[in-house]
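**Student:** I'd like to ask some things about the structure below.
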Amino acid sequence: MAKKHTAEQRPYLFCIATLMRAMTPLRLLHVVHVLTVARLVSPEHYGRSTHVNDAECFDFVVVGGGTAGCVLANRLTEDEQTTVLLVEAGGDPPYESMFPGLFPAMAGSRVDKNYTSENDGRTQQCHRNRVANLTSGHMLGGSSGLNYMLYVRGGPSDYAHWAAAAADPTWAWPDVLPYFIKSERLEDPGLLNSPYKIYHGTNGYMGVAREHRSEINKFSEAVREMGHEVLLDVNGYRHLGFTNPLFNIADGVRQSAAYSFLAPIVHRKNLYILKNTLVTEVIFDEKNNAEGVKVKTQNGTILSLVARKEVVLSAGAFKSPQLLMLAGIGPRDHLEDLGIPVRSNLPVGLNYQDHVAVFMSIKMEESNAPSAPSNKHLFPLPTFVGYVALDKRQEHPDYQVVNFVVPHDSEFPFNLCAFGYWFDFDICHNLRNGGKGKTTLFSTLNILHPRSRGRVTLRSRDPEDPPVIHTGMFSDERDLDDLARYLEDHARIVNTTYFKSVGAEIVDLKLSMCRGLRAGSGQYWRCYARCMMNTMYHYAGTCALGGVLDSRLRVRGVRRLRVVDASVMPTLPGGNTHAPVLMIAEKAADFIKEEHRLFYNK
């Protein structure tokens, strides 16, 4: 018997039928896919915002519907008897967030919280606003809806540091690897038919794949000539070398946490979602038990909501510490200065870290060929990534370099420079003019294990005031020295056979700050790094394991309150932070299930 279509489906079928009569097969396939994606971002896809009443009760209240919050909402509601309220200050991910090729347009938009650092008069001084633009997702899925989508885990040495900080061996590599595998649905045939398959999952919610683009093949021999290995995968036990990266992209769609973890389970009757709702306060009883939260809805209504078992903060490295400090959990001197009674004297906000990045552009062969039309379902440019150690005897990388192969006269580098990073316009014009008429290699290097630390503090007692963010970049000058050495090391690529054959040169950005210094010298690269510094948007550490939290992510000195997001990282992993946050949330869900004796499928 033929399946009947619902009234909701019929308009889409009518559109498709009309297009079929008018379009070529290839164009039709693209439009049908676009219609499918459009359908996927309807309100029903991410669940309708729940109507709740004042003093309504839930077993768990999860604050923040970003990467970690979506995972927790999914895993905790696997127990059908457990009710979970997910509270998100933003709304649904917009249509454009679903397309990998449109990610450069997401920063600074309505789904960005648009945080900025403080102007310290020392860093970011080649940026027009003299501060760091700290892009952070303001929607279900959080920053997984606007990030660069690289799927990187870091390596065993990273998690050895976490285990030491937490005084708990279950944070070491052997015990975190299963949680990476649990969340993943790898869709790369090459890896699945290789020895690396044992490090990957195929049954998880998060789609992961790589793009096979021929433009990167010619660079393999160049990096080998420099003494680097070319690896099929850097997400197992080996983490040094260059690779064709994995992305959180599958079937031409960005695999945000909202799309992957939340959308498939919005039908669960024990899941409640509050969108466009700001959590303003964590409520405690007289015995320091977290009892619930106070929220402000989109129309200004103030509600108190009760958590029978726990409140979980998953609001990110800026908002989670802000909510803790507003509740009297933080450094005593800072809280007392603001007249906030101290509930627990903890180093909240004091361990802020980020991967500091610097870009370099290398002009290569001349080209007049017409550029291929952009495909919104692909990452914007062919990309290969390296994890490099200056001392080849060590097993962990010192720096990451993300290389974009840019076709001649593309506006991508200029737009990223001027409107993504906010560098001075003369720098961005020099970048564009210096590579005119040529294919360029746009390389972004970052220091993976910075020594510098910043601080996040309260601006006021008003929860709607953004926190004060001092990034602390290069507060330890050894980071600046290291990054200069990494730039010098990567610049050697122009001396390899292929690059010499095309007359490759590093684009001179004509930095006024570095005028008079010999290009390529150690002093020049140090000046270059100070001028061209930028964030990798990997904010972490402000509610760190071992300091603010115990080894099971519970806030010290109070009860029934946990933090689960990038703020718990005691040190940064050796790569992008999205995959580690997924792992943290998967692991935290099991902690919670064990302690509350919920349905538990380890």
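The values are calculated or read from the model by the stated rules, or taken from the named source; none is laboratory data. Quick caveat, the model's predicted, so the values are computed rather than measured. Here Cβ is always computed from backbone atoms with ideal geometry, including for glycine, and neighbour counts include all displayed protein chains. We work out accessible area using only protein heavy atoms, side chains counted, and drop any ligands, DNA or RNA first. Shrake-Rupley method; radii C 1.70, N 1.55, O 1.52, S 1.80 Å.
**Student:** Under the Karplus relation 6.51 cos²θ - 1.76 cosθ + 1.60, θ = phi - 60°, what is the ordered set of whole-Hz ³J(HN,Hα) values for region 399-414, x standing for Gly and Pro?
**Tutor:** 9, 10, 10, 9, 10, 9, 8, 9, x, 4, 6, 5, 8, 4, x, 4
**Student:** Sticking with this structure for a sec: Let me know the volume per residue of the alpha-carbon convex hull for the chain, in Å³.
**Tutor:** Working: hull volume 101.4 nm³, N = 602.
Residue-normalised Cα hull volume stands at 168 Å³.
**Student:** In addition: Between D508 and Y237, what FRET efficiency follows from the Cβ-Cβ distance if R0 is 41 Å, with the result rounded to 0.05?
**Tutor:** It comes out at approximately 0.50.
**Student:** At 0.36 nm per residue, and after removing the present C-alpha to C-alpha distance, how many nm does the segment from S109 to D337 gain when stretched out fully?
**Tutor:** Fully extending the segment from S109 to D337 adds 78.6 nm.
**Student:** Let me ask something else. Antiparallel DSSP bridges in the chain: what percent, to the nearest 5?
**Tutor:** Values: 57 of 84 bridges.
Close to 70 percent.
**Student:** Mind listing the long-range amide H neighbours of A250? Cut-off is under 5 Å, sequence gap 5 or more, other chains count too, H placed in the peptide plane at 1.01 Å from N.
**Tutor:** Those lying under 5 Å, H to H, from A250 are Q255.
**Student:** Please list, in order, the residues from region 290-322 whose amide nitrogen is less than 19 Å from a point placed 7 Å along the Cα→Cβ vector of K269.
**Tutor:** The answer is none.
**Student:** Then there is this: With an 8 Å cut-off on Cα pairs and a minimum separation of 6 or more residues, tell me the relative contact order of the chain in percent.
**Tutor:** Values: 1328 pairs, mean separation 123.5, N = 602.
It comes to 21 percent, rounded to a whole number.
**Student:** Got a sec to turn the phi values of region 299-305 into Karplus ³J(HN,Hα) couplings, 6.51 cos²θ - 1.76 cosθ + 1.60 with θ = phi - 60°, whole Hz, x for Gly and Pro?
**Tutor:** Residue by residue, region 299-305 yields 8, x, 6, 9, 10, 10, 10 Hz.
**Student:** At 1.4 Å probe size, what's the solvent-accessible area of F242? Round to the nearest 10 Å².
**Tutor:** Around 10 Å² of this residue is reachable by solvent.
**Student:** Could you give each residue of region 111-127 its phi-based ³J(HN,Hα) in whole Hz, using Karplus coefficients 6.51, -1.76, 1.60 with θ = phi - 60°, and x for Gly or Pro?
**Tutor:** Running phi through 6.51 cos²θ - 1.76 cosθ + 1.60 with θ = phi - 60° gives 9, 10, 5, 6, 5, 9, 7, 7, 7, 9, x, 10, 10, 6, 7, 9, 9 Hz.
**Student:** Under 11 Å from the Cβ of L246, count the other residues' Cβ atoms, weight Lys and Arg +1, Asp and Glu -1, and hand me the total.
**Tutor:** Spelling it out: positives minus negatives among the neighbours equals -3.
**Student:** Mind checking the full-extension length gain between R515 and T280? Use 0.36 nm per residue of separation minus the Cα-Cα distance, one decimal, nm. Kindly include the intermediate steps, with their values, before the conclusion.
**Tutor:** On the way: separation 235, 0.36 × 235 = 84.60 nm, distance 4.90 nm.
Separation in residues times 0.36 nm, less the Cα-Cα distance, equals 79.7 nm.
**Student:** Write down the accessible area per residue of the chain in Å², having rolled a 1.4 Å probe over the full set of protein chains.
**Tutor:** So the chain comes to 40 Å² accessible per residue, rounded to a whole number.
**Student:** By how many nm would the segment from N119 to H212 lengthen if fully extended, with 0.36 nm per residue of separation less the alpha-carbon distance?
**Tutor:** 29.3 nm
**Student:** Could you pull out every residue, at least 5 positions away or on a different chain, whose amide H is within less than 5 Å of the one on M536? Hs are placed 1.01 Å off N in the peptide plane, and Pro or chain starts have none.
**Tutor:** H355, A357
**Student:** Still on this model: So if we plug the beta-carbon distance of L192 and H429 into 1/(1 + (r/R0)^6) with R0 = 41 Å, what FRET efficiency do we get, rounded to 0.05?
**Tutor:** 0.35
**Student:** Once the dipole of the chain is set up with Lys and Arg at +1 and Asp and Glu at -1 on Cβ about the Cα centre, which of Y115, Y537, F412 lies farthest towards its positive end?
**Tutor:** F412
**Student:** So, one more: How far apart, in nm, are the 7 Å Cα→Cβ label points at D462 and S501?
**Tutor:** Label at D462, label at S501, 6.3 nm between them.
**Student:** Kindly provide log₁₀ I(q)/I(0) values, in the same order as q = 0.16, 0.20 Å⁻¹, from the Debye equation applied to equal alpha-carbon scatterers of region 382-500.
**Tutor:** Computed log10 I(q)/I(0) values: -0.99, -1.22.
**Student:** For T50, list long-range residues whose amide hydrogen, built 1.01 Å from N in the peptide plane, is under 5 Å from its own amide hydrogen.
**Tutor:** Placed amide hydrogens put I273, L274, K275 under 5 Å from T50.
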